[in-house]
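Worksheet for the structure shown next.
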Amino acid sequence: MAKQIKVSLIGNPNTGKTSVFNLLTGLNQQVGNYPGITVEKKEGICKLPRGIKAHILDLPGTYSLNASSLDENVVIELLLNKKDKDFPDVAVVVSDIENIKRNLLLYTQIKDLEIPVILVINMADRMEKKGISLNIPLLEEKLRTKIALVSARKNQGIDKLKKLIVSYNTLPTSPCVDALTFEPEYFDRLKRIFPNQSIYKLWLVITQDVNFRKVEKNSKGITPDFEIKTESELKRLQQKEAIKRYQFINNTLKETMVVDQNKATGVRAKLDRILTHGVWGYLIFFSILLLIFQAIYDWSSYPMDLIDQGFAGLSEVIQVNLPDGPFVSLITDGIIPGLGGIVIFIPQIAILFMFISILEESGYMSRVVFLMDRLMRKFGLSGKSVVPLISGTACAIPAVMATRNIENWKERLITILVVPFTTCSARLPVYLIIIALVIPDTKVAGFLSYQSLTLMLLYIIGFVTALGGAWLLNRMLKMKSKHYFVIEMPGYKVPLFKNVFINVIEKTKAFIFGAGKIILAISIILWGLASFGPTQNFNKAETIVAEQYPNISSENLETKVASYKLEHSFIGYAGKAIEPIVAPLGYDWKIGIGILSSFVAREVFVGTLATIYSVGSEEEATIKDRMAAEINPVLGGPLFNFATGISLLLFYAFAMQCASTLAIVKKETNSWKWPVIQLFFMSGFAYIVALIAYQFLK
């Protein structure tokens, strides 16, 4: 079998690297995580001339080989380890014509590792418009490589790039910048001690823990007896390296690149002034957020209703056509609802990532990050945390997935951990019925109702708690994760439909195959707990209920039986077992069952109450009337009074009751540690707040 060329695509963020990757690989792509970490890995197969194939690995966007994030560390770990199975035969560094000076810093660093490198200059179709011209042969000579002028938007230059990849073994591997010039005495001594090693590679190994995390120097060739400089001295040398490299880049571009400002247009500068303005910038951003939120909330309701009806119809068809029994019950009440609980989120996820992809592709997202970073920094978050926090008001699942845009791992983790505090749409059914039950339907100032103000207050509480939690976590988490705020302002461009489509498909697949199987498993377990009971009361429910209600109609009998069975099921006994725990919050065992069952999803609370109160309907008004008639068995009086209602509202505002969110947090953090901490912390916090509220108000 012919050898497959291993190609690594590397480049700064927003250079069009992903577009080049998509053009090279088409739909022959796979997405996954690097072993042991959650940074995304995209790989695919590219067909090259002469029947040769290349394995293309799209590495995370990085500004330099001085790592400041997990993404950048992945790139460096690969390039420093020749034994890695993905170590490239050739590195393709993607730059864009408008930011080529900054992009070349990374290029020269990779070139100095003595790896064959091809330079791609993307967005070449904009050269004429920007008044830019390049002397390509001279630039190739200066940079000691081959260059492909590419326009990913217009699918130009890809064939030339493929030909260069095939001929990668003819590329020179000599460095651009001599590392000895950084500090002749120090590097000369390094060279004498390690004569067979690449000096620049040794230098990167020595300096990695200065910027990001400690590396195992022995495995990279640095012996313990080599005297390494102090951190401040190493930083000074890094600054000197950057100066030397930019001197080389400036001299190179001075001879090879001409920019005629008279031909360049000033539209971008005018747009930047508006979109990053201290007032207009925020107004425009929040208008766009409102549009996204509205779209997630409203547009998704139609396909979600169809999916919901489709799965309900499927259950009904199976129930009608197959004989009753545990197996059919498992399918209709466990597996199908579990699958429905996964698929129903697809519209929200697809719509959210469609908008995020469009904003990223257009170049606007970088302006948002710049605009919001100063505000969010006070809470230990990043400007990139804004979109996940806002989208969390629709659903925490796509919001957690949206944190992938945050490069800094500590900021991303904090965002993931606090996103569930924002009020998601699943809380609404619980809020609406409790508010209608315990808050008077009267108005203040003649037009504002207490009920709507209570609902708004719950949303505000969610946001404030998320920001407060972030502030606290920022001080508690002792992660070495330095923040370097480097943000690129790419040119504005019309988003490519193909890139948006591929991104939406990738994110949706990641949810279905990552979190979906966990959601399904939990749904089946809860079905088992609700479908079986430890005593004869459960098995003889029909007989017992028929004796208790001899004149009841068949429809009401069925509802009463379902309620009786639920009370005597395993989850029913669990509800009674936790009654001593929830009683101080003002709840009885029936509310306890509702809380236990809604750990799968908050909205299950209303359906569970409908079953346990035997109302035979999930209409809010009917359930409300039945709940209003409930009597507190200990204290007497209405069970759902003001104190109990406020306690329940606050419990649901803070408790982590969403198996889907826990599953996606596990997927994104690649560990059960964080979802378990999240579950216990949020539930414990919810319990304490609800306890204080009830004891104070009763």
*Return the residue satisfying two criteria in turn: it lies in region 1-27 and is aliphatic (A, V, I, L, M) and at pLDDT below 85, and of such residues it is farthest from Ile52 (Cα to Cα).*
Leu27
*Output the residues belonging to region 116-144 that are closer than 21 Å to Pro175 by Cβ and of a type in the set (Lys, Arg).*
Lys142, Arg144
*Report, by residue number, each residue of region 546-591 that is under 30 Å from Leu691 (Cα atoms) and hydroxyl-bearing (Ser, Thr, Tyr).*
Ser563, Tyr564, Ser569, Tyr573, Tyr587
*State all residues of region 528-548 that are open to solvent by 40 Å² or more (accessible area, probe 1.4 Å) and outside any helix (DSSP H, G or I); if no residue qualifies, say none.*
Phe532, Pro534, Thr535, Lys540
*Determine which single condition Val500 fails, assuming it passes every other condition in (1) modelled with pLDDT of 75 or more; (2) of a type in the set (Val, Ile, Thr); (3) surrounded by fewer than 16 Cβ atoms within 10 Å (Cβ to Cβ); (4) closer than 30 Å to Phe21 by Cβ.*
(3)
*Which pairs have Cβ atoms under 9 Å, sit 6 or more apart or on different chains, and link a residue in region 105-117 that is open to solvent by 10 Å² or more (accessible area, probe 1.4 Å) to one that is of a type in the set (A, V, I, L, M) and in a strand (DSSP E or B)?*
Leu113/Ala91; Pro116/Val90; Pro116/Ala91
*Based on what the data block shows, is Val205 under 15 Å from Glu114 (Cβ atoms), open to solvent by 10 Å² or more (accessible area, probe 1.4 Å), touching a helix residue (DSSP H, G or I) at 6+ places or on another chain (Cβ under 6 Å) and at pLDDT 75 or above?*
no
*Members of region 641-694 found to be outside any helix (DSSP H, G or I) and open to solvent by less than 10 Å² (accessible area, probe 1.4 Å), listed by number*: Ala655, Met656, Gln657
*Can you name the number of the only condition in (1) surrounded by fewer than 18 Cβ atoms within 10 Å (Cβ to Cβ); (2) not in a loop (DSSP other than H, G, I, E, B) that Ile165 fails?*
(1)
*Any residue in region 537-561 that's free of Cβ contacts under 8 Å to residues at least 24 places away in the same chain and over 23 Å from Tyr573 (Cα atoms): show its pairings with residues that are hydroxyl-bearing (Ser, Thr, Tyr) and surrounded by 14 or more Cβ atoms within 10 Å (Cβ to Cβ) at Cβ separation under 7 Å, as long as the two are six or more apart or on different chains.*
none
*Selection within region 42-71 - open to solvent by 10 Å² or more (accessible area, probe 1.4 Å), free of Cβ contacts under 8 Å to residues at least 60 places away in the same chain and among the β-branched types (Val, Ile, Thr)*: Ile45
*Of the conditions (1) open to solvent by less than 60 Å² (accessible area, probe 1.4 Å); (2) acidic (Asp, Glu); (3) not in a helix (DSSP H, G or I), Glu140 fails just one. Which one is it?*
(3)
*If you check every pair at least six apart or on different chains, which have Cβ atoms under 9 Å apart with a residue in region 270-285 that is among the polar types (S, T, N, Q) first and a residue that is not in a helix (DSSP H, G or I) second?*
Thr276/Met489
*With the condition kept exactly as written, say whether any residue in region 174-190 is surrounded by 15 or more Cβ atoms within 10 Å (Cβ to Cβ) and among the basic types (Lys, Arg).*
no
*From the list Gly392, Gly383, which residue is in contact with an Asp or Glu (Cβ under 7 Å, 6 or more places away or on another chain), buried (at least 22 other Cβ atoms within 10 Å of the Cβ) and more than 15 Å from Glu506 (Cα to Cα)?*
Gly383
*In region 72-95, what residues are open to solvent by less than 30 Å² (accessible area, probe 1.4 Å) and touching an Asp or Glu at 6+ places or on another chain (Cβ under 9 Å)?*
Glu72, Leu78, Asp86
*Do we find that Ser597 is under 15 Å from Val430 (Cα atoms) and either at pLDDT below 80 or surrounded by fewer than 23 Cβ atoms within 10 Å (Cβ to Cβ) (or both) in this structure?*
yes
_Looking only at helices (runs of 4 or more DSSP H) that lie completely in region 281-357, which have at least 3 residues being within 25 Å of the chain's Cα centre (by Cα) and surrounded by 12 or more Cβ atoms within 10 Å (Cβ to Cβ)?_
301-321, 336-343
*What are the residues in region 418-443 that are open to solvent by less than 10 Å² (accessible area, probe 1.4 Å) and of a type in the set (D, E, K, R), if any?*
Arg427
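The values are calculated or read from the model by the stated rules, or taken from the named source; none is laboratory data. Remember, it's a predicted structure, so these values are computed and weren't measured experimentally. Positions of Cβ are generated from backbone atoms using ideal geometry, with glycine treated the same way; all protein chains shown enter the neighbour counts. Surface accessibility is based on the protein's heavy atoms, side chains included, excluding ligands, DNA and RNA. Shrake-Rupley method; radii C 1.70, N 1.55, O 1.52, S 1.80 Å.
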